[in-house]
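The values are calculated or read from the model by the stated rules, or taken from the named source; none is laboratory data. Worth saying up front: this structure is predicted, and the values here are computed from it rather than measured. Don't worry about glycine lacking a Cβ; one is built from the backbone with ideal geometry, like all the others, and counts go over all protein chains shown. Areas reflect the complete protein model, heavy atoms only, side chains present, ligands, DNA and RNA absent. Shrake-Rupley method; radii C 1.70, N 1.55, O 1.52, S 1.80 Å.
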Amino acid sequence: AKTEGRGIVSVFDASMSEAFEARRQIEAELQVALADEQFELHYQTLVDTRAGHVAGVEALVRWRHPERGLIPPLSFIPIMEETGLIVPLGRWVLERACRDALAWPDHVVVAVNVSSIQLRQRGFGADMLAVLAQTGLAASRLEIEITETSLLEESEVTQENLAVIHRAGIRIALDDFGTGYSSLSYLRRFPIDKIKIDRSFMSEAETSADARAIIRAVAGLGVSLGITTVVEGIETAQQLALARAEGVVQVQGYLLSRPQPNTSLPEFDTSKQI
Ligand code: C2E
Ligand code: CA
Ligand code: CA
Ligand code: CA
């Protein structure tokens, strides 16, 4: 039993150091990727349910790996958050998005996802304003998307960054609403301008009266509080009709458009998309 035990331990050690090695390698690759600017932004439209035109786009990062091709964000963002590399990546995303937005009409707002790690960096709010000043994009054209989990720990720095950002006129959206530790008190304690109802609600709305009731209730809450509501993950015409019927202000999803490179975006005229 003793030798067996040792055997198991050594196998475990080997796989541990292999995992460690793989991890160290991907970290090194991510450093290179940042230096070489191997990242790119794809944009997905948000469409106004009443006017029917594109109100804005969400910037979604991808890694154009020299050998492995296009890598989706969920494969590398968590590692970048653990290693702190999300801070320089986030900065790059912000600057790229602002520069791209300069070429679009004034009514198109660009939304950038911001990690809780970035929000907890002292001076993050001031850095955002510096990027606006550098690029010349108006604050009213920029929106940040944060998740409920970023607000969970009562961080004084987060509070202050959000206050600076909001005071400047940059909008703040609460992403994936309803999946985390949703608390209505967040809507009072933080300067939230937009709620993005998580796509899991829409995927169940046709079969679940409860999911549909939640979408309706959040849309109503938005009206009362002056908060814009969005439903993500609209994939079918029925889902689009449902979102409109429940009074949701904006919609986003594959039915309207897939995330795509800046070069293949629509002309953004105010003609109706839906
Ligand atoms: P998210 O912020 O919730 O972004 C929406 C995700 O849903 C995107 O996945 C988008 O492609 C996908 N999606 C949009 N419409 C539909 C639909 O109709 N059906 C389905 N099934 N999916 C849809 P993506 O691009 O893979 O991004 C995944 C996540 O990675 C994002 O979720 C966000 O949390 C994170 N992420 C992306 N870009 C950034 C970034 O620049 N910074 C940070 N910190 N996180 C980012
Ligand atoms: Ca988002
Ligand atoms: Ca989301
Ligand atoms: Ca998500």
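Observations, loosely collected:
- The set of residues in the range 174-194 being within 14 Å of ligand 4 (Cβ to nearest atom) and part of a strand (DSSP E or B) consists of Leu174, Asp175, Asp176, Phe177.
- Count of the range 18-44 residues which are assigned to a helix (DSSP H, G or I) and not small (Gly, Ala, Ser): 13
- Selection status of Pro88, open to solvent by 20 Å² or more (accessible area, probe 1.4 Å), within 16 Å of ligand 3 (Cβ to nearest atom) and more than 22 Å from Arg171 (Cβ to Cβ): no
- Helices (runs of 4 or more DSSP H) completely within the range 102-171 that count 3 or more residues being under 18 Å from Arg189 (Cβ atoms) and open to solvent by 10 Å² or more (accessible area, probe 1.4 Å): 156-167
So that you can scan it fast, the table gives a plain yes or no per residue for (1) under 20 Å from Arg171 (Cβ atoms); (2) more than 16 Å from the chain's Cα centre (by Cα); (3) more than 16 Å from ligand 4 (Cβ to nearest atom):
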| site | (1), (2), (3) |
| --- | --- |
| Ile215 | no, yes, yes |
| Val218 | yes, yes, yes |
| Ser224 | yes, yes, yes |
| Val230 | yes, no, no |
| Gln238 | no, yes, yes |
| Gln260 | no, no, yes |
| Pro266 | no, yes, yes |
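- Scan the range 49-85 for residues that are open to solvent by 20 Å² or more (accessible area, probe 1.4 Å) and either within 16 Å of ligand 4 (Cβ to nearest atom) or at positive phi (or both) and the total you get is 11.
- Screening Asp176 on (1) open to solvent by 20 Å² or more (accessible area, probe 1.4 Å); (2) away from ligand 1 (no atom under 12 Å from the Cβ) shows it passes everything except condition (2).
- For the range 103-157, the set of residues classified as modelled with pLDDT under 95, within 16 Å of ligand 3 (Cβ to nearest atom) and of a type in the set (A, V, I, L, M) consists of Leu151 only.
- Taking each residue of the range 132-148 that is among the basic types (Lys, Arg) and looking for partners that are within 16 Å of ligand 2 (Cβ to nearest atom) and open to solvent by 10 Å² or more (accessible area, probe 1.4 Å) with beta-carbon atoms closer than 6 Å, six or more apart or interchain, yields Arg141/Val109.
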